[in-house]
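Undergrad: Structure provided below as structure tokens; questions to follow.
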Amino acid sequence: RPGTRKSRSVIAAEAGTFAARDAALADALRERAAALAALPAPPLPTGLLATLRHYQEEGFHFLAHLAANGFGGILADDMGLGKTVQALAWLLHQANARSRERERVDPPPPFRALVVCPKSVMHGWETETARFTPSLGVATFTPALADAPPSALRAHLLIANYAQLRINAAWFQQHTWDAVILDEAQCIKIPLSQTAAIARSIPAARRLALT
């Protein structure tokens, strides 16, 4: 951000001071940073029925890079610029990787992802999933599903709203999700709120916030 950037000479001096204190850790951090930078950007996933704009493809690469390194992240942009399709491309990329793993002798369970969003945009997620990533089976959370065991979930992508997450927290906590996406993530901006606490408690391999 303007006003917070330091000159290269200051950064270099600080790096030198740090290296002098703990040379081994400094070397390890340099190697880790170089390894992160060297990871190639993946191609767009097979089965994506959308032509991404340049900045949308960059967003997909950003999300794929986070996942490849075990990081969560935030995808933030103005309204109407395609955060949903970028997230769907990322989910399809993850699901395709799981499909390749399932060809092995001891395959993992099917890919399962959860999208939590305001009720007003649930339909948008459902329709865009069917339009852009039709190979991802999609379902919306219903009270009937809440009374069923976790094994009853057949869809790759489950869409729920924040009220459903709060009311049925125990059901969502029974699953181990491959990915959890929180759309309109300002809904969890208060760390001590019930919604934020439950969102943190959902078992997930990867987490993403959209705002």
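The values are calculated or read from the model by the stated rules, or taken from the named source; none is laboratory data. Source: prediction; values computed, not measured. All Cβ positions, glycine included, derive from the backbone under ideal geometry; neighbour counts span all protein chains shown. The protein model used for the area step is the full one, side chains on, heavy atoms only, and it has no ligands, DNA or RNA in it. Shrake-Rupley method; radii C 1.70, N 1.55, O 1.52, S 1.80 Å.
Undergrad: For segment 48-88, which positions are of a type in the set (S, T, N, Q) and either out of contact with any Asp or Glu (no Cβ under 8 Å at 6 or more places or on another chain) or more than 16 Å from Phe132 (Cβ to Cβ) (or both)?
TA: Thr51, Gln56, Asn69, Gln86
Undergrad: Could you please let me know if Ala95 is part of a helix (DSSP H, G or I), in contact with a Ser or Thr (Cβ under 9 Å, 6 or more places away or on another chain) and either within 27 Å of Thr211 (Cβ to Cβ) or of a type outside the set (Asp, Glu) (or both)?
TA: yes
Undergrad: Tell me, which residue of segment 29-48 that is at pLDDT 70 or above and in a helix (DSSP H, G or I) is surrounded by the most Cβ atoms within 10 Å (Cβ to Cβ)?
TA: My answer is Arg30.
Undergrad: Just give me the residues in segment 155-194 being out of contact with any Cys (no Cβ under 6 Å at 6 or more places or on another chain), assigned to a helix (DSSP H, G or I) and farther than 22 Å from Leu63 by Cα, in sequence order.
TA: Within segment 155-194, Ala163, Gln164, Leu165, Arg166, Ile167, Ala169, Ala170, Trp171, Phe172, Gln173, Gln194 qualify.
Undergrad: Tell me, which residue of segment 102-121 that is in a helix (DSSP H, G or I) and under 20 Å from the mean Cα position of the chain (by Cα) is surrounded by the fewest Cβ atoms within 10 Å (Cβ to Cβ)?
TA: Lys119
Undergrad: Just the residues that are in contact with a strand residue (DSSP E or B) (Cβ under 7 Å, 6 or more places away or on another chain) and either on the phi > 0 side of the Ramachandran plot or of a type in the set (Val, Ile, Thr) (or both), please, taken from segment 74-102.
TA: Scanning segment 74-102 gives a single hit, Ile74.
Undergrad: Quick check on my filter: what residues within segment 137-155 are open to solvent by 60 Å² or more (accessible area, probe 1.4 Å) and of a type outside the set (Ser, Thr, Tyr)?
TA: Hits for segment 137-155 are Pro143, Ala144, Asp147, Pro149, Arg154.
Undergrad: Quick one: in segment 122-136, of everything that is in contact with a helix residue (DSSP H, G or I) (Cβ under 9 Å, 6 or more places away or on another chain) and open to solvent by less than 40 Å² (accessible area, probe 1.4 Å), which residue is farthest from Ala68 (Cα to Cα)?
TA: Gly124
Undergrad: Sort out which residues of segment 128-150 are farther than 18 Å from Ala95 by Cα, among the hydroxyl-bearing types (Ser, Thr, Tyr) and not in a loop (DSSP other than H, G, I, E, B), and write them in order of number.
TA: The one that is farther than 18 Å from Ala95 by Cα, among the hydroxyl-bearing types (Ser, Thr, Tyr) and not in a loop (DSSP other than H, G, I, E, B): Thr140.
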